[in-house]
1. Checking GLN293 against (1) modelled with pLDDT of 95 or more; (2) in a loop (DSSP other than H, G, I, E, B); (3) out of contact with any Ser or Thr (no Cβ under 7 Å at 6 or more places or on another chain); (4) closer than 24 Å to LEU323 by Cα, only one condition comes out false. Which one?
2. Does LEU268 qualify as being part of a strand (DSSP E or B) and either in contact with a helix residue (DSSP H, G or I) (Cβ under 9 Å, 6 or more places away or on another chain) or crowded, with 24+ Cβ neighbours inside 10 Å (or both)?
3. Among the numbered criteria (1) at pLDDT below 95; (2) in contact with a helix residue (DSSP H, G or I) (Cβ under 8 Å, 6 or more places away or on another chain), which one does SER347 miss?
4. Of the residues GLY37, GLY70, GLY27, which is exposed (fewer than 13 other Cβ atoms within 10 Å of the Cβ) and either touching a Lys or Arg at 6+ places or on another chain (Cβ under 8 Å) or not basic (Lys, Arg) (or both)?
5. Give LEU240, LEU227, LEU231, LEU215 a once-over and let me know the one that is within 16 Å of ligand 2 (Cβ to nearest atom), in contact with a helix residue (DSSP H, G or I) (Cβ under 9 Å, 6 or more places away or on another chain) and touching a residue at least 24 places away in the same chain (Cβ under 8 Å).
6. Which condition does SER191 not pass, out of (1) within 11 Å of ligand 1 (Cβ to nearest atom); (2) assigned to a helix (DSSP H, G or I); (3) more than 20 Å from LEU313 (Cβ to Cβ), if it passes all the others?
7. Suppose we filter the range 70-98 for residues that are at pLDDT below 95 and of a type in the set (Phe, Trp, Tyr); how many remain?
8. Have a look at SER46, SER75 and point out the one that is of a type in the set (Gly, Ala, Ser), in the same structural domain as LEU156 (by TED's automatic domain parsing), assigned to a strand (DSSP E or B) and farther than 22 Å from THR132 by Cα.
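The values are calculated or read from the model by the stated rules, or taken from the named source; none is laboratory data. Quantities reported herein were computed from a predicted structural model and do not represent experimental measurements. Counting neighbours? That spans all protein chains shown, and the Cβs are built from the backbone with ideal geometry, glycine included.
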Amino acid sequence: MRCAIVHYHEIALKGRNRKHFEERLVGNIRWMLKDLGVKCVENPRSRIHVLLPDEIPDQTIINRLTRIFGIANFSLAHGLPLDLAHPDLGTLSQAVIESIRSEAFATFRVSVKRADKRLTLTSMEVARDVGTAVCDATGKNVSLKDPDLTVYLELLSKKAYYSIRKIQGPGGMPLGVSGKVACLISGGIDSPVAAYRMMKRGSRAIFVHFSGRPLVSRASEEKVRELVQLLTAYQYKSKLYVIPFGEIQRDIVASAPAPYRVVLYRRLMIRIAQELAKKEHCWGLVTGESLGQVASQTPENLTVIEAVAELPLLRPLIGMDKLEISDQAEQIGSFAISIEPDQDCCSLFTPSHPSTKAKLEDILRIEQMFDINTLVKQGLNNAELSQFTFPQ
Ligand code: ATP
Ligand code: MG
């Protein structure tokens, strides 16, 4: 009998939210393991038990569970039948000893959780009994403070589970408890990290990318597709809207003063993304902007960009520096994809001296030279939708 024992942080769960959080996490685990043949996911007090069919390799389970937000840590455990009135600690000890035979360690301890108080032994008694048996069989010593290896025992009403490794989960909140957001994704380093951070707080993501097509090749789009596929492992289904933006940019270049181009592009991107966001029932827009990183990310320009947003404009990386963002990108696995060379729409017609201090009244005046509604409609009409699934 194999089982994953999943723990979640309870600090995040206050009052009425708790039940909602737990139900969502159980539902997500069930859904995200369904294709592997996992059927039984239970939630006995403050942990989740996932019964695992024998044929699924450990590594497959680990790959899945380390990508389910809301999981603080988990262990892969084996189980034996337990009789509360006559617990058979001899058989349990023997199984534990077998499972640690190939482990390298000098010291160990046994940690016992007893879920059913009808058990005739206390946690301490069980720990002492099993610990002594392990000492006798292996010649290793107990260290309660700083052991090399910990044997975890969970004693339930009908089963005893044992495991020796706790694996870190991704933390955060279960996907879906914080609604849906639309992420502007560029193929650079920042925006995939921004999307990840919102997903980790429980928001499902849809993705919007502006490509330089028809004026550049598809390079940035290919990168974005790879990035979206990578992030789809955390939510199992993603939508990506790709909007050919080259012609719209050409229109802006033809009439607007060069230093203001980038802010004008961004404001158009926000307008177009926002219409898609509304259609998809998203409550916010997400960008990878971080304060001061480039000319378009000064306080003045961020303010002017934000002014066009009707939905909350979320910038989860605003206070992070490039190194912190890059580290996080490495952890997620997006860094290697993001640094591949490409040409995206932002490298088109980039002015050599962009304005770092756009004024809203100037921008509004310049925008009057354009038929903004028509440009937005043109973007929306040409948007191409792709669906991603995990596994592919
Ligand atoms: P990134 O590393 O995400 O490309 P960046 O540091 O290059 O960000 P900018 O180019 O100023 O910064 O882009 C700021 C944000 O605007 C991006 O993080 C992204 O959310 C959005 N954005 C920029 N270009 C595009 C694009 N072509 N398609 C969709 N969103 C974009
Ligand atoms: Mg960029």
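1. (1)
2. Numbers: part of a strand (DSSP E or B): no; either in contact with a helix residue (DSSP H, G or I) (Cβ under 9 Å, 6 or more places away or on another chain) or crowded, with 24+ Cβ neighbours inside 10 Å (or both): yes.
No.
3. (2)
4. On the way: GLY70 fails: exposed (fewer than 13 other Cβ atoms within 10 Å of the Cβ); GLY27 fails: exposed (fewer than 13 other Cβ atoms within 10 Å of the Cβ).
When all the criteria are applied, what remains is GLY37.
5. Details: LEU240 fails: within 16 Å of ligand 2 (Cβ to nearest atom); LEU231 fails: within 16 Å of ligand 2 (Cβ to nearest atom); LEU215 fails: within 16 Å of ligand 2 (Cβ to nearest atom).
Of LEU240, LEU227, LEU231, LEU215, the one residue that is within 16 Å of ligand 2 (Cβ to nearest atom), in contact with a helix residue (DSSP H, G or I) (Cβ under 9 Å, 6 or more places away or on another chain) and touching a residue at least 24 places away in the same chain (Cβ under 8 Å) is LEU227.
6. (3)
7. 0
8. Numbers: SER46 fails: assigned to a strand (DSSP E or B).
Testing whether each residue is of a type in the set (Gly, Ala, Ser), in the same structural domain as LEU156 (by TED's automatic domain parsing), assigned to a strand (DSSP E or B) and farther than 22 Å from THR132 by Cα leaves just SER75.
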